[in-house]
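The values are calculated or read from the model by the stated rules, or taken from the named source; none is laboratory data. Worth saying up front: this structure is predicted, and the values here are computed from it rather than measured. Cβ placement follows ideal geometry from the backbone for every residue including glycine, while neighbour counts extend to all protein chains displayed.
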Amino acid sequence: MSHKITIQPDGVIFDLKSSQTILEGAIAAGITIPYGCRNGACGSCKAKVLSGKVHCEEFQQSAMTDDEQENGWTLCCKAYATEDVTIEARISKTNSDIPQSKITPVRVEALEKLNHDVMRMYLKLPGNEKLNFIAGQYIEFIMADGSRRAFSIASPPHAPLIELHLRLIEGGKFTHFVFEEMQEKSIHRIEGPIGQFFLRESEKPIIFVSGGTGFAPIKSVIEDMFEKGNQRTIYLYQGVRKFEDLYMDELCQSWNQKYSNFNYIPVFSEIEENPNNLRTGFVHQAVIDDFQLLADYQVYCCGAPILVETAFNDFVKNGLLEDEFFADAFSFAPPKPKL
Ligand code: FES
């Protein structure tokens with residue numbers, strides 16, 4: 001069974017199967033609605049329902065408030081149509097610039113522990129193929145049972161291999177498999193690139209706020225900026241609980257030495273002794289303490305949904321324009337269902 005979805009103001013129409021979310025159906029029809037996490041956490045795919053009924057599955061308040069939902073808004077990545085529906089949504093202007101995602105086999109080239117609970121994985125496509133992606137996008141591992149796990153690409157597009165950072169999640173089947181059983185040279189299937197978390201053109205200085213492995217897409221974007229000689233001022237706030245949770249600290253310190261437009265601020269939320277005067281507290285609070293007024297900045301935030309939600313709310317209260325906040329909050333999201 002399918003329903004007709006109309007997207008206004010462009011008047012674009014496509015058929016949506018009852019098993020698909022509006023976002024899945026749009027992507028399958030080659031229509032790019034803005035999206036980020038595909039998991040009800042970032043709000044990028046928010047759209048107004050003009051007519052018809054949708055059923056919206058569970059989502060984060062950071063993505064859409066209950067008030068907004070009551071006023072007819074929905075999240076396309078969580079919304080199923082129960083009849084023909086018309087929505088109002090921006091169709092991405094960069095549609096043709098965003099590489100098409102594809103399903104491809106990959107070989108695990110290397111696995112390397114970066115700290116006590118983060119693994120770096122390098123993936124290689126067959127032959128001389130390279131994944132065509134924009135820095136900040138992600139890929140999905142497709143499991144044998146068809147379920148998927150999403151991971152941001154940590155390498156920049158010019159790098160020869162795809163780099164991922166995987167944090168060991170307690171009880172997480174996939175990450176336990178990676179840490180305990182996955183073999184180098186083993187073959188898997190991925191789909192990618194996916195997502196619209198990438199650098200937006202602007203002259204404004206950039207504040208990157210990262211929690212844990214939320215650093216991965218940020219690393220990709222920053223290394224791409226360096227490669228292209230982008231001179232915008234960069235502040236990287238890297239939030240972790242304890243010193244042992246920090247990873248790739250040396251890399252960030254080396255950027256600090258090498259690039260005059262780059263500033264690195266690691267922030268620790270749970271250290272007991274602090275002889276070296278490290279920045280402590282919540283990472284988003286460190287940003288507020290340093291800038292007070294955020295009207296002239298762009299913010300890119302990656303990490304747990306609670307970090308993204310809190311940062312968005314508090315930064316907007318401190319003057320950040322809502323559409324200058326970009327997030328990809330799926331680092332700790334539950335496994336995605338089969339598509
Ligand atoms: S909330 Fe739908 S893509 Fe993030």
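Taken over the range 293-327, the residue count meeting the criterion of being buried (at least 22 other Cβ atoms within 10 Å of the Cβ), in a helix (DSSP H, G or I), touching a strand residue (DSSP E or B) at 6+ places or on another chain (Cβ under 7 Å) and not small (Gly, Ala, Ser) is 4.
So that you can scan it fast, the table gives a plain yes or no per residue for (1) assigned by TED's automatic domain parsing to the domain that holds ILE33; (2) within 18 Å of GLU324 (Cα to Cα); (3) surrounded by 22 or more Cβ atoms within 10 Å (Cβ to Cβ); (4) in contact (Cβ under 8 Å) with a residue 12 or more places away in the chain:
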{"site": "ALA216", "(1), (2), (3), (4)": "no, no, yes, yes"}
{"site": "GLU223", "(1), (2), (3), (4)": "no, no, no, yes"}
{"site": "GLU250", "(1), (2), (3), (4)": "no, no, no, no"}
{"site": "GLN253", "(1), (2), (3), (4)": "no, no, no, no"}
{"site": "GLN257", "(1), (2), (3), (4)": "no, no, no, no"}
{"site": "SER269", "(1), (2), (3), (4)": "no, no, no, yes"}
{"site": "ARG279", "(1), (2), (3), (4)": "no, no, no, yes"}
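I'd like to know if the range 99-108 contains one or more residues that are more than 12 Å from the ligand (Cβ to nearest atom), among the polar types (S, T, N, Q) and under 19 Å from the mean Cα position of the chain (by Cα). Checked the range 99-108: at least one residue is more than 12 Å from the ligand (Cβ to nearest atom), among the polar types (S, T, N, Q) and under 19 Å from the mean Cα position of the chain (by Cα).
Before we move on, is GLU270 among the charged types (D, E, K, R) and under 27 Å from ALA110 (Cβ atoms)? Don't jump to the end; show me each part of the working.
Numbers: among the charged types (D, E, K, R): yes; under 27 Å from ALA110 (Cβ atoms): no.
No: the conditions fail for GLU270.
Answer with yes or no whether PHE198 is under 18 Å from LEU236 (Cα atoms), in contact (Cβ under 8 Å) with a residue 60 or more places away in the chain, in contact with a helix residue (DSSP H, G or I) (Cβ under 8 Å, 6 or more places away or on another chain) and of a type outside the set (S, T, N, Q). Yes; evaluated as a whole, the condition is true for this residue. Evaluated against (1) over 30 Å from CYS56 (Cβ atoms); (2) in contact with a Phe, Trp or Tyr (Cβ under 8 Å, 6 or more places away or on another chain), GLY136 falls short on exactly one condition, (1). The residues listed here are ALA47, ALA28; of these, the one that is free of Cβ contacts under 8 Å to residues at least 24 places away in the same chain and under 14 Å from ILE5 (Cβ atoms) is ALA28. Among the residues examined, ALA110 qualifies as of a type in the set (Gly, Ala, Ser), in a strand (DSSP E or B) and loosely packed, with under 15 Cβ neighbours inside 10 Å. If the condition is being in contact with a Ser or Thr (Cβ under 7 Å, 6 or more places away or on another chain) and part of a loop (DSSP other than H, G, I, E, B), then the range 118-155 contributes LEU125, ALA135, GLY136, ILE153, ALA154, SER155.
For the range 9-44, the tally of residues that are more than 16 Å from the ligand (Cβ to nearest atom) and touching a Ser or Thr at 6+ places or on another chain (Cβ under 6 Å) stands at 3. ILE22: under 16 Å from GLY195 (Cβ atoms) and buried (at least 19 other Cβ atoms within 10 Å of the Cβ), yes or no? No: the conditions fail for ILE22. Of the strands (runs of 3 or more DSSP E) lying entirely inside the range 1-88, those containing at least 3 residues that are farther than 24 Å from ILE139 by Cβ and in contact with a Lys or Arg (Cβ under 8 Å, 6 or more places away or on another chain) span 12-17, 85-88. Note down all Cβ pairs under 9 Å where the first residue falls in the range 103-128 and is closer than 15 Å to SER186 by Cβ and outside the structural domain of GLU140 (by TED's automatic domain parsing), the second is of a type outside the set (Ser, Thr, Tyr) and part of a loop (DSSP other than H, G, I, E, B), and they're at least six residues apart or on different chains. Between residues of the range 103-128 that are closer than 15 Å to SER186 by Cβ and outside the structural domain of GLU140 (by TED's automatic domain parsing) and residues that are of a type outside the set (Ser, Thr, Tyr) and part of a loop (DSSP other than H, G, I, E, B), there is no close pair.
Kindly indicate the residue of the range 60-79 that is within 13 Å of the ligand (Cβ to nearest atom) and within 24 Å of ASP15 (Cβ to Cβ) and also surrounded by the fewest Cβ atoms within 10 Å (Cβ to Cβ) among those meeting that condition. Residue satisfying both the conditions and the ranking: TRP73. Of (1) outside any strand (DSSP E or B); (2) modelled with pLDDT of 95 or more; (3) among the hydrophobic types (A, V, I, L, M, F, W, C); (4) surrounded by 16 or more Cβ atoms within 10 Å (Cβ to Cβ), PHE332 satisfies all except one. Which? Here PHE332 meets the rest and fails (2).
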